[in-house]
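The values are calculated or read from the model by the stated rules, or taken from the named source; none is laboratory data. Values in this document were obtained by computation on a predicted structure and should not be read as measured data. Reconstructed Cβ throughout: ideal geometry from the backbone, glycine too, with neighbour counts over all protein chains shown. Ligands, DNA and RNA are stripped out before the accessible areas are found, and what is left, the full protein with its side chains, is counted by its heavy atoms. Shrake-Rupley method; radii C 1.70, N 1.55, O 1.52, S 1.80 Å.
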Amino acid sequence: MPSSVIRTFFYDFESGRLTVIFQSGRRYVYEAVPEIVYRELAAAPSTGAYFNEHIRDRFQFRRFDQAG
């Protein structure tokens, strides 16, 4: 579902890493995200709202600038 906040996201099933790319171009990789959280994010009517409630500030993350 299109989001005004999240451009796209993808999940690495082997590592449990969730990569989220925001509309701003910023990319964050969240560590040790359970598969169910990814699946619920993918099915959420509002990915931004789900992200804010269930992912943001709940998992360790690394931020990457647009270039890298």
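In the chain, carbon and sulfur make up what percent of the accessible area (probe 1.4 Å)? Each step should come with its number before you reach the end.
Numbers: 2210 of 4590 Å².
Carbon and sulfur atoms account for 48 percent of the accessible area of the chain.
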With each run of n ≥ 4 DSSP H residues scored as -39500 (n - 2.57), what mean residue ellipticity at 222 nm is computed for the chain after dividing by its residue count and rounding to the nearest 500 deg cm²/dmol? -7000 deg cm²/dmol
With x for Gly and Pro, the residue-by-residue ³J(HN,Hα) of the range 13-30, computed from phi through the Karplus equation 6.51 cos²θ - 1.76 cosθ + 1.60 at θ = phi - 60° and given in whole Hz, is 5, 6, 9, x, 8, 10, 9, 10, 10, 8, 4, 6, x, 5, 10, 10, 10, 9
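Where does the longest stretch of the chain lie that holds no GluC sites (Glu not before Pro) found in a DSSP loop with 14 or fewer other Cβ atoms within 10 Å? Please list the in-between numbers first.
Working: sites that count: 14, 31.
It works out to 32-68.
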What is the sum of charges, Lys and Arg at +1 and Asp and Glu at -1, for the other residues whose Cβ falls under 14 Å from the Cβ of residue 15? -2
To the nearest Å², the heavy-atom accessible area per residue of the chain with 1.4 Å probe amounts to 67
Of the trypsin sites (Lys or Arg not before Pro) in the range 18-68, which ones lie in a loop per DSSP and count no more than 15 other C-beta atoms within 10 Å? 26, 56, 58
Projecting the Cα atoms of 11, 22, 38 onto the charge dipole of the chain, where Lys and Arg contribute +1 and Asp and Glu -1 at Cβ, the residue farthest towards the positive end is 22
